[in-house]
Amino acid sequence: MILIFVGITRALWFDSATEARREFVRETSILKELSVGLEADLTGVRGNLGADSITALTVFLDNSAPYEHLKVQGIDLIKDADLRQAIVTYHEHTVAMVASFESGVSLMHWQDQVHPRMLRSFRYLSPHQSATPVDYNALLEDVEYQNTLRYMGFVLAVKDILYQQISASARSLRERIEAELTGR
């Protein structure tokens, strides 16, 4: 009877240890994926920071596939509660805030105000060529045009601030993930 109890206990312990090892491997794999995704985010942000041309608005595209994979696996797969919260905050708040700004304010203003105004005011508008004003002196006097440029300058400044924030958040989170991976 004791041997049966010991055998069952040992089997349960072994099964539990095997499951814990599988979760550890899955967590490590997800953390590595998240780290690679954050590096891709940082690369994208570096390309967008300081883009001061009003004719070439860029859009931040986050690498959300690893995070979506984590959500499917279960957020609780990340054992460190603080790290788990930082991952969720980055993806659900920081990235969402930038995306909301770009799709709402920045892109809408570009499509509705700036681009049509530029097409009316310049002979040719291409990323590869300089635009030539249709009537330079009229542009100097055009208050609507000047206000459009001021507002676009404001939009670009806010966008840069958001990109700096997302860059700092991504870098910090990546460092935390790498520290977690190194400690394993």
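The values are calculated or read from the model by the stated rules, or taken from the named source; none is laboratory data. This structure is a prediction, so every number in the text was calculated from the model and none was measured. Cβ sites come from the backbone with ideal geometry, for glycine too, and all protein chains shown count toward neighbours. Remember, those area values only see protein heavy atoms, side chains included, never the ligands or the DNA or RNA. Shrake-Rupley method; radii C 1.70, N 1.55, O 1.52, S 1.80 Å.
Data table
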| quantity | calculated |
| --- | --- |
| Flag if Ala131 is modelled with pLDDT of 85 or more and open to solvent by less than 80 Å² (accessible area, probe 1.4 Å) | no |
| Members of the range 141-150 that are open to solvent by 20 Å² or more (accessible area, probe 1.4 Å) and part of a helix (DSSP H, G or I) | Glu141, Val143, Glu144, Tyr145, Gln146, Asn147, Leu149, Arg150 |
| Qualifying residues in the range 111-128 (those that are within 24 Å of Val155 (Cβ to Cβ) and part of a loop (DSSP other than H, G, I, E, B)) - the one modelled with the lowest pLDDT | Leu125 |
| The range 57-98, subset among the hydroxyl-bearing types (Ser, Thr, Tyr) and assigned to a helix (DSSP H, G or I), residue modelled with the lowest pLDDT | Thr94 |
| Residue match in the range 151-171 (condition: modelled with pLDDT of 90 or more, outside any helix (DSSP H, G or I) and surrounded by 11 or more Cβ atoms within 10 Å (Cβ to Cβ)) | no |
